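A short worksheet on the structure shown next.
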């Protein structure tokens, strides 16, 4: 399934594919209706690059891996 993180608010973060073959970190709020892009992180050509972005972002924001 890949990496998933959770912040102190209970928001979940993971990397997902966009249209075509681009990847980006997205978040899901509790009781919300869908995943949204993390705007400060770029679209990447590989899932590995996008996951590295998410790992660094999660460390910076002190998220826990779930």
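The values are calculated or read from the model by the stated rules, or taken from the named source; none is laboratory data. Not measured: the values here are computed from a predicted model. Cβ atoms come from the backbone with ideal geometry, glycine included; neighbour counts cover every protein chain shown.
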Quick one: which strands (runs of 3 or more DSSP E) sit completely within the chain and have at least 2 residues that are surrounded by 10 or more Cβ atoms within 10 Å (Cβ to Cβ) and without any contact (Cβ under 8 Å) to a residue 60 or more places away in the chain? 12-17, 23-28
Against the definition (out of contact with any helix residue (DSSP H, G or I) (no Cβ under 9 Å at 6 or more places or on another chain) and closer than 16 Å to residue 2 by Cβ), how does residue 19 come out, yes or no? no
Restricting attention to the stretch 1-17, the residues that are at pLDDT 95 or above and closer than 17 Å to residue 52 by Cβ number exactly 7
Does the stretch 1-29 hold any residues that are within 10 Å of residue 47 (Cα to Cα) and in contact with a strand residue (DSSP E or B) (Cβ under 9 Å, 6 or more places away or on another chain), and which are they? 2, 15, 16, 17, 22, 23, 24, 25
